[in-house]
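Structure first, then comments.
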Amino acid sequence: AVSSSKMLSPTQFNVRFKMPLQHRTLASIAAAAGSTGERDSAVLHRSLKTPPMLVVSARERYLTFSDGHEILDSTCGAAVACIGSHNERVKKAMIEQIDKFSYCNSMFFGHPIGEELCAELIRGTDGAMAKAYIMCSGSEAMDSAMKMARQYFTEISPKENKRVNFIAREGSYHGTTIGGLSMSGHVARRSLFLDMLLPNIHRVSACNPYRGMTKGQTTEKYVAQLADELDRKFQEVGPDTVCAFVAEPVVGATLGCVPSVKGYFKAMKAVCDKYGALLILDEVMSGMGRTGTLHAWQQEGVVPDIQTLAKGLGGGYAPIAGMLINHRVADALKSGTGANISASAFSHGHTYQGHPVSCAAALEVQRIIKEDNLLTNVKERGELLTSLLHKHLDDHPYVGNIRGRGLFWGTKHPFPPSFGVANLVHTIGLKDQGISLYPGTGTQDGINGDHVLLAPAYTSTVEEIEKIALKTKLTIDQAFEKLQ
Ligand code: PLP
């Protein structure tokens with residue numbers, strides 16, 4: 001590790017490395033990864049020049065690579081493996097389901113394990129939501145949410161047929177399919193496909209106090225400013241043409257764990273209510289316990305009309321995602337006047353929807369979270385992680401902001417994306433410090449700098465949290481030592 005005194009100030013750093021750094025950083029990332037592209041692979045990996053390290057086994061929260069190197073998975077992959085990746089109970093539940101039957105067409109048939117899982121999901125909302133729909137990925141869930149919102153309005157009255165627009169936020173991520181990506185405000189992931197994204201998505205600012213609040217501004221004033229912006233966007237788009245406002249309760253991949261400020265979602269919901277639009281909350285990353293309650297909206301004093309979930313739902317044991325709809329939406333579907341009046345059904349379907357083995361895995365993961373009281377662990381370990389990150393990084397010259405909720409934390413480095421800082425931190429974490437740090441690259445417009453995201457397992461021990469916090473600091477120090 002390097003001491004802060006040896007480091008260049010951010011300004012000195014920027015001046016010194018303006019141009020050459022970009023090349024130097026990319027070269028050092030490749031070298032540090034030890035990946036020269038020599039290993040041939042038939043897989044269409046993220047990089048065809050530098051195939052990634054191969055994971056060959058796991059124990060609890062640790063992953064082992066083919067060269068024997070082991071890391072503590074402090075991000076649960078992409079905030080997924082919340083109870084570790086080797087749970088005997090989940091394995092048994094999946095096998096028991098396969099022993100009964102592995103697949104049936106859940107578009108036509110129901111099955112007991114799907115009934116049980118959906119009932120459990122509805123119970124987890126204290127009855128605020130009415131029905132659950134099970135799919136395979138977060139992107140599918142977000143596309144489904146869009147279609148459900150649209151169908152809701154066609155069901156309630158022919159007069160509402162004009163509602164085809166959505167208002168989403170900057171700095172958001174809602175998936176990689178055309179619908180999900182169209183709603184996303186992730187500049188880099190959208191850039192190649194701009195011409196083919198949906199035209200009916202409009203955008204307002206994210207709730208991002210670190211970047212968005214002006215000096216001396218109160219939280220109340222900031223919320224009022226954002227609510228006013230949303231109100232003006234409704235007016236601009238045409239209030240009677242908007243289906244829904246779409247947001248992540250805690251922004252994940254794009255900004256790096258940014259919770260909203262107090263009162264934000266209540267204010268946004270009030271604007272939606274004023275114009276009769278729905279509130280869609282994307283809990284793909286923040287949901288199923290990650291922030292200390294089963295759903296992050298349970299800390300916001302609002303209930304969404306439609307919500308999605310995915311990652312912590314099945315904990316990575318099988319691909320699974322969900323969409324929950326509240327009574328307002330479910331009732332409209334049931335007694336609607338739209339095209340599907342005879343079926344009273346959602347006009348949508350996937351071959352693998354409600355997959356029985358995925359349902360068995362998710363139901364067992366959710367039972368374990370409940371029976372082992374893991375939400376208490378999330379809160380307690382989350383508090384420890386918060387205090388340790390502040391202890392290690394508050395005075396760090398290259399860490400601009402530390403924020404999060406529960407076991408969902410991010411640190412931001414105020415550097416231009418071309419520096420590749422987050423990727424370098426990721427590589428050093430893996431190779432030298434034995435932890436995974438989920439890298440997030442800033443936007444080309446420079447509004448959002450590089451950040452790293454932490455999402456440890458709900459089952460993490462005190463020692464592991466201490467290790468994660470310390471290793472995060474050591475990794476960041478080492479990255480900047482390399483760059484100087
Ligand atoms: N929504 C959010 C908030 C996400 O974080 C993600 C993925 O990271 C998605 C949607 C897309 O989910 P998936 O990658 O499972 O399609």
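All of the numbers you see were taken from the coordinates with simple rules; none came from a lab. Quick caveat, the model's predicted, so the values are computed rather than measured. In this analysis, Cβ positions are derived from the backbone assuming ideal geometry, glycine residues included, and neighbour counts consider all displayed protein chains.
How much FRET efficiency would the formula 1/(1 + (r/R0)^6) give for K159 and K266, where r is the Cβ-Cβ distance and R0 is 35 Å, rounded to 0.05? List each step's numbers first, then the result.
Details: r = 28 Å, r/R0 = 0.81.
Calculated value: 0.80.
Using the Karplus relation 6.51 cos²θ - 1.76 cosθ + 1.60 with θ = phi - 60°, the per-residue 3J(HN,Hα) values for the range 329-334 come to 6, 4, 5, 4, 5, 6 Hz, with x marking Gly and Pro.
Going by average Cβ neighbours within 10 Å, how do the peptides 466-476, 324-334 rank, with the highest at the top?
Result, highest mean first: 466-476, 324-334.
Approximating the spin labels as points 7 Å out from Cα along Cα→Cβ, the K92-to-D432 distance works out to 4.5 nm.
Taking a ≥ b ≥ c as the square roots of the eigenvalues of the Cα gyration tensor of the range 273-379, is the shape rounded (a/c under 1.5), prolate (a/b larger than b/c) or oblate? Note, shape of the range 273-379 comes out oblate. State whether the range 115-273 is rounded, prolate or oblate according to the following rule on the C-alpha gyration tensor (a ≥ b ≥ c being the square roots of its eigenvalues): a/c under 1.5 gives rounded; otherwise a/b larger than b/c gives prolate, and the remaining case gives oblate. Rounded shape, in that the Cα axes give a/c under 1.5. Once backbone amide H atoms are built at 1.01 Å from N, V204 has A168, R169, E170 as its partners under 5 Å, excluding neighbours fewer than 5 places away on the same chain. Between the alpha-carbon centres of the range 43-60 and the range 316-331 there is a gap of 31 Å. Taking amide hydrogens as placed 1.01 Å from N in the peptide plane, the amide H of M135 sits under 5 Å from those of A321, G322, M323, G354, each at least 5 positions away in sequence or on another chain. Fully extending the segment from L198 to E229 would add 9.0 nm, taking 0.36 nm per residue of separation and subtracting the current Cα-Cα distance.
Fully extending the segment from D126 to V43 would add 25.5 nm, taking 0.36 nm per residue of separation and subtracting the current Cα-Cα distance. For N401, the residues whose modelled amide H falls within less than 5 Å of its own, excluding neighbours fewer than 5 places apart on the same chain, are K412.
Measuring against 29 Å, Cα to Cα, the residue pairs K91/K370; K233/K334; K92/K431; K92/K412; K162/K311; K159/K311 contain K233/K334; K92/K431; K92/K412; K162/K311; K159/K311 as the ones spanning a longer distance.
For the chain, what is the mean residue ellipticity at 222 nm derived from helices alone (per DSSP H run of n ≥ 4: -39500 (n - 2.57); sum divided by total residues; nearest 500 deg cm²/dmol)?
My calculation for the chain gives -12000 deg cm²/dmol from helical runs alone.
Note: the range 38-93, Cα convex hull, 117 Å³ per residue. Restricting to bridges with both residues inside the chain, how much of the DSSP beta-bridge set is antiparallel, in percent to the nearest 5? Close to 65 percent.
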